[in-house]
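This report concerns only the one structure given below.
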Amino acid sequence: MPLGRFLARFRRGPLWRGCDVAQAWLVLVTALLIAVAAPAAGVTAGQAVADAAARQSHARHGVAAVVTEDPPVRIGADPTGGVGGRVHATVRWTAADGTARTGVTTVPADLRAGDRTTAWLDGRGALVRNPVTDGEARIQSIAVGTVAAGGTCLLLLATERAGRALIDRRRYALWEREWAAGDTQWGHREAGW
């Protein structure tokens with residue numbers, strides 16, 4: 001819709017109706033909210049994911065561990081450690097108090113019994129998943145931010161459509177009344193002939 005036609009809805013004219021003005025304001029407010037709220041939601045969600053990844057990295061620490069038994073062969077595992085290149089295996093490490101501990105964690109698929117790896121522990125000394133790398137955190141924050149921005153846009157557009165449906169219902173009710181009044185007037189004129 002050309003800008004001039006859109007702005008004309010805000011001026012009084014012979015065909016001006018309150019429903020038309022309400023619809024124009026609804027479209028304008030929705031467009032402004034999409035322009036401001038969607039990017040803000042995306043940035044906020046992406047930053048929250050990045051902050052969570054940073055907290056996770058600081059809360060975990062790596063210790064030297066030894067694979068105690070050959071991990072099971074996993075079909076399709078990339079031995080170079082790429083996507084799908086990690087398998088579950090039992091590892092042994094020395095805790096801060098000097099005791100030997102064992103547990104199951106993920107290791108690269110090419111490791112065998114006796115190989116060294118890094119096991120990740122939380123503040124209590126329990127095994128946890130490997131922390132997210134900076135690249136993975138960046139990808140996750142971009143993905144979550146994009147979904148949040150897109151979801152915000154869809155929510156705002158759905159709200160605008162619902163508002164437009166309510167305005168149209170009101171508009172049609174007004175037309176019904178005007179047509180009914182017109183029918184009554186025309187009926188009286190025809191009777192006078």
**OP:** Round to the nearest 0.05 the FRET efficiency obtained for Ala158 and Trp179 when R0 = 41 Å and r is the Cβ-Cβ distance.
**Re:** 0.85
**OP:** Take Arg112, Arg177 and sort them by solvent-accessible surface of the protein heavy atoms, 1.4 Å probe, largest at the top.
**Re:** Arg177, Arg112
**OP:** Give, as a single signed number, the net charge of other residues whose beta carbon lies under 12 Å from the beta carbon of Ala95, with Lys and Arg counted +1 and Asp and Glu -1.
**Re:** +2
**OP:** Give me the distance between the Cα centres of the stretch 38-69 and the stretch 111-182, rounded to whole Å.
**Re:** 19
Subject >> Accessible surface, 1.4 Å probe, highest first, among residues Asp183, Asp20 >> reply: Asp183, Asp20
Original post:
Once you list every other residue whose beta carbon is under 11 Å from the beta carbon of Ala113, what net charge do they have if Lys and Arg are +1 and Asp and Glu are -1?
Top reply: -1
Original post:
Excluding Val128 itself, what net charge comes from residues whose Cβ is under 9 Å from its Cβ, given Lys and Arg +1 and Asp and Glu -1?
Top reply: +1
Original post:
To the nearest 20 debye, what is the magnitude of the charge dipole of the stretch 18-144 about its Cα centre, counting +1 on the Cβ of each Lys and Arg and -1 on the Cβ of each Asp and Glu?
Top reply: 340
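The values are calculated or read from the model by the stated rules, or taken from the named source; none is laboratory data. Because the structure is predicted, anything quoted here is derived from the model rather than measured. Neighbour counts are summed over all protein chains in view; Cβ atoms, including those assigned to glycine, are modelled from backbone coordinates with ideal geometry. These area figures cover heavy atoms from the full protein model, side chains too; ligands, DNA and RNA do not enter into them. Shrake-Rupley method; radii C 1.70, N 1.55, O 1.52, S 1.80 Å.
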